[in-house]
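Trainee: After the structure tokens below, expect a handful of questions from me.
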Amino acid sequence: MPMVSATLSRLSAALLLLVSLLAAQPARAGSGTWTIHGLGAGPSALLRLDEGQGTLSLEVRHGATQVLEPSPVGIVTERADLSRGLRFAGRRDRPVAERYTTTVGKRLARAAVMRESTFSFVTAEGARLDLVVRASRDGVSYRYALPGDHGAVLRETSAFTVPQAAAAWLARHRRDYENPFVQYTALSAPAADFMVPALFETGGSYLLITESDLDGRYSGPRLAHEQGTGTYRLGLWDQRVEVSGPLTTPWRVMIVGDLATVTESTLVDDLAPDSRVRDTSWIEPDQVLWTWLAGGRQAGQSLEKQKAFVDYAALRGWPYVKVDAGWYFLKDQWDVTDPDWPTTSWIPRLVEYAGAKGVEIMVWIHYRDLDTPEERELWLPTLRRWGVRGVKIDFMDAESQERLRWYDEILPATAANELMVNFHGSTVPKGVHRTWPHVMTMEGVHGGEKSSNLRTSHLTALPFTRNVIGSMDYTPMAFHRPSRPTSDAHELGLSVVYESGLQNLAGTVESYQARPQAERFLEQVPSVWDETRLLSGRPADHVVLARRSGDRWFVGAGVSGAARTLDVPLDLLRGRWLLEVVRDGEGGLVRESRVVVGGRDRLSVDVPAEGGFAAVACRWRPGLDTCDR
């Protein structure tokens, strides 16, 4: 990992300089009003205490634009109302500067630099609330810290009031996060519960509301829109969150900036606890041939069909095949008291067959078969003994405190058994990739499995909403599905546009073979990145994203609606590059090659309705006519 190490060394020098600058910031700005200054051109926050009511509000500005109007802040427990009657007791400031690496994501080497201010308030009864606020170049975040034992949490009074005319991209709340994003204004959105993340735009400044560091200490969120207002109140899954002793809540995160800043942000991971997995050498993200949409339950129950998928993955150089539901369909007939009971499954034979071809196997398993310590002790060591490399765990379907405590148990258990994890029917990433780096991806998306209500307006909103916060298992490349709304080149571009540590490719072997240009591109494209850049985009309209892996850049693009020309700058390139573009042609996918000199050039591609393109750029040298490796 020499490139990552060099990047981290440069980040370390920058962090030392920033720490000295942060430490010199003023501590207070007026009675009852406090400013948390942003970094550089980043957003700043203003905290106000209404000294008559003892209530708190927070507002956020990006430059001259107010992206968050004064919004209530507070929390209520069974023993203390910490949302009113508050009196200021002090402020502490400190710089936060951390560097870390991840196994997946928009870039592997990270630097988290923030200003942190902790505001202490007390009630007349002596209950204390600490409000911890952080400002960074890409956002403002806050959380509640309750030093005393105030019993169960009954609710938060946290809310987000945005300008009523702000454009809004929202998805109705659903327990598995699988609803499409729809465009409204902040005012016109219906009175309903919406999921986080939620995206708003005012005057070219964007605000993405989400959270970080959620686990079984707390409960999952939703945003309740108050009709006729721009206010979205935060509600919790549980009416009562059990707490014993002091409490620190998850971060309420507001990623703020222009669209590129929001899209490229790693703030959700930056706020999360550091890795709890010491040795990550066994974690190897990459492409996966996923067989469910390619053959359904029939494929899941057939050793011979799965061998055929392994054969094709080996030809393409894809390192993994995922066997979905059905492989242990007859498990209830197994005698688990027999030490040799696993031999009744054909998975060990598939693992052996695949291993001889340089391919490894991952398997699907239902949450209900891992929801007790006894079941986890049975299944996880068995799968490891078989040589299975990862698990796709499905149908958790909740963010209750009880279910989040299950995540707290399954995460260390899978890490101990060196099993990479893909969660489906799940919550969404909230810093989990930093804390548990063997979590390769999560569903939590209205994705490629959907057979209806899948629109390119939703697809072109995802890079700016759901995929901002972490790896997203959309399962692209289902070329064979008639319900797919994308052109072939748009679908191919999703392999770059959508970041997922395990990129589960959903097509049939026949659909790939009918598209040799797609085969060639997918053999090249990785699933982890050293850098991510937004070249052009507008939520629900179009996206052009560039991602770098080592010394090569990959570009993915897609549009929603009418045909057009996508014209983007190439200032990320320096020197002479060979650029190969795969686009939609009259007879199918077409690959074009061109030499680009320097970063002054532009990439211009004509795309059809609902179309797009995929591209790769490699450093040119005399005689080089392809980027294929």
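Trainee: Residue pairs, Cβ under 7 Å, 6 or more apart or interchain, first in region 552-575 and within 15 Å of TYR498 (Cα to Cα), second among the acidic types (Asp, Glu) and buried (at least 18 other Cβ atoms within 10 Å of the Cβ). List them.
Mentor: VAL559/GLU610
Trainee: Here is a list: ARG316, ARG297. Which entry is closer than 18 Å to THR475 by Cα, out of contact with any Lys or Arg (no Cβ under 8 Å at 6 or more places or on another chain), surrounded by fewer than 19 Cβ atoms within 10 Å (Cβ to Cβ) and at pLDDT 95 or above?
Mentor: One residue alone meets the criteria, ARG316.
Trainee: Could you tell me which residue of region 52-89 is nearest to GLY126 (Cα to Cα), considering only residues that are small (Gly, Ala, Ser) and open to solvent by less than 20 Å² (accessible area, probe 1.4 Å)?
Mentor: ALA80
Trainee: Next up: Which numbered condition in (1) closer than 24 Å to ASP394 by Cα; (2) assigned to a strand (DSSP E or B); (3) open to solvent by 10 Å² or more (accessible area, probe 1.4 Å) is the only one that LEU214 fails?
Mentor: (2)
Trainee: If you scan region 610-627, which residues turn out to be out of contact with any helix residue (DSSP H, G or I) (no Cβ under 7 Å at 6 or more places or on another chain), open to solvent by less than 60 Å² (accessible area, probe 1.4 Å) and either farther than 17 Å from TRP553 by Cβ or at pLDDT 95 or above (or both)?
Mentor: ALA615, ALA617, CYS618, listed by residue number.
Trainee: Continuing with the same structure: Please go through region 104-118 and pick out each residue that is within 23 Å of LEU534 (Cα to Cα), open to solvent by 10 Å² or more (accessible area, probe 1.4 Å) and either of a type in the set (D, E, K, R) or touching a His at 6+ places or on another chain (Cβ under 7 Å) (or both).
Mentor: Of everything in region 104-118, those that are within 23 Å of LEU534 (Cα to Cα), open to solvent by 10 Å² or more (accessible area, probe 1.4 Å) and either of a type in the set (D, E, K, R) or touching a His at 6+ places or on another chain (Cβ under 7 Å) (or both) turn out to be LYS106, ARG107.
Trainee: Among what's in region 490-528 and is of a type in the set (Gly, Ala, Ser) and assigned to a helix (DSSP H, G or I), pick the residue that is surrounded by the most Cβ atoms within 10 Å (Cβ to Cβ).
Mentor: Of everything passing the filter in region 490-528, GLY493 is surrounded by the most Cβ atoms within 10 Å (Cβ to Cβ).
Trainee: Moving on. If you take the residues in region 438-476 that are part of a loop (DSSP other than H, G, I, E, B) and among the β-branched types (Val, Ile, Thr), which one is farthest from SER281 (Cα to Cα)?
Mentor: The qualifying residue farthest from SER281 (Cα to Cα) is THR460.
Trainee: Would it be correct to say that LEU589 is in contact with a Lys or Arg (Cβ under 7 Å, 6 or more places away or on another chain) and either among the aromatic types (Phe, Trp, Tyr) or assigned to a strand (DSSP E or B) (or both)?
Mentor: The answer is yes for LEU589.
Trainee: For region 187-208, name all the residues that are surrounded by fewer than 23 Cβ atoms within 10 Å (Cβ to Cβ) and part of a strand (DSSP E or B).
Mentor: ASP193, THR202
For (1) open to solvent by less than 10 Å² (accessible area, probe 1.4 Å); (2) within 20 Å of ARG403 (Cα to Cα), each residue gets a yes or a no:
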| site | (1), (2) |
| --- | --- |
| ARG222 | no, yes |
| VAL241 | yes, yes |
| PRO246 | no, no |
| ARG252 | yes, no |
| VAL268 | yes, no |
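Trainee: Given the condition among the polar types (S, T, N, Q), crowded, with 17+ Cβ neighbours inside 10 Å, over 16 Å from VAL140 (Cβ atoms) and modelled with pLDDT of 95 or more, answer yes or no: does some residue in region 90-102 qualify?
Mentor: For region 90-102, residues among the polar types (S, T, N, Q), crowded, with 17+ Cβ neighbours inside 10 Å, over 16 Å from VAL140 (Cβ atoms) and modelled with pLDDT of 95 or more: present.
Trainee: Only one of these conditions is not met by TYR184: (1) open to solvent by 20 Å² or more (accessible area, probe 1.4 Å); (2) within 21 Å of VAL432 (Cβ to Cβ); (3) of a type in the set (Phe, Trp, Tyr). Which number is it?
Mentor: (2) is the only condition that TYR184 fails.
Trainee: Inside region 389-432, can you point out the residues that are under 22 Å from TYR320 (Cα atoms), out of contact with any helix residue (DSSP H, G or I) (no Cβ under 9 Å at 6 or more places or on another chain) and open to solvent by less than 10 Å² (accessible area, probe 1.4 Å)?
Mentor: If the condition is that a residue be under 22 Å from TYR320 (Cα atoms), out of contact with any helix residue (DSSP H, G or I) (no Cβ under 9 Å at 6 or more places or on another chain) and open to solvent by less than 10 Å² (accessible area, probe 1.4 Å), then LYS392, ASN422, HIS424 are the ones that fit.
Trainee: Give me the residue from region 455-489 that is surrounded by fewer than 24 Cβ atoms within 10 Å (Cβ to Cβ) and of a type in the set (Lys, Arg) and, out of that set, nearest to ALA614 (Cα to Cα).
Mentor: ARG484
Trainee: Condition check: part of a loop (DSSP other than H, G, I, E, B), over 24 Å from the mean Cα position of the chain (by Cα) and at pLDDT 95 or above. Does GLY105 satisfy that?
Mentor: So GLY105 fails the test.
Trainee: Give the residues of region 138-181 that are open to solvent by 10 Å² or more (accessible area, probe 1.4 Å), within 15 Å of PHE194 (Cβ to Cβ) and touching a Leu at 6+ places or on another chain (Cβ under 9 Å), sorted by residue number.
Mentor: Scanning region 138-181 gives THR161, ALA167, HIS173, PRO180, PHE181.
Trainee: For region 351-377, give me the residue count where each residue is open to solvent by less than 60 Å² (accessible area, probe 1.4 Å), in a helix (DSSP H, G or I) and not hydroxyl-bearing (Ser, Thr, Tyr).
Mentor: 6
Trainee: Please verify whether region 41-49 includes one or more residues that are open to solvent by less than 10 Å² (accessible area, probe 1.4 Å), in contact (Cβ under 8 Å) with a residue 40 or more places away in the chain, in contact with a Lys or Arg (Cβ under 7 Å, 6 or more places away or on another chain) and farther than 30 Å from TRP282 by Cβ.
Mentor: yes
Trainee: Applying the selection to region 560-603, what residues are modelled with pLDDT under 95 and among the β-branched types (Val, Ile, Thr)?
Mentor: Those that are modelled with pLDDT under 95 and among the β-branched types (Val, Ile, Thr): VAL595, VAL596, VAL597.
Trainee: Among the candidates ALA135, ALA152, which residue alone is of a type outside the set (Asp, Glu) and within 27 Å of the chain's Cα centre (by Cα)?
Mentor: The unique qualifying residue is ALA135.
Trainee: As an exercise: evaluate GLU284 against (1) in contact with a strand residue (DSSP E or B) (Cβ under 7 Å, 6 or more places away or on another chain); (2) open to solvent by 40 Å² or more (accessible area, probe 1.4 Å) and give the number of the one condition it does not meet.
Mentor: Here GLU284 clears every test but (1).
The values are calculated or read from the model by the stated rules, or taken from the named source; none is laboratory data. What you see is a predicted model; the values in this text were computed from it and never measured. Cβ atoms come from the backbone with ideal geometry, glycine included; neighbour counts cover every protein chain shown. Please note that ligands, DNA and RNA were not included when accessible areas were found on the heavy atoms of the full protein model with its side chains. Shrake-Rupley method; radii C 1.70, N 1.55, O 1.52, S 1.80 Å.
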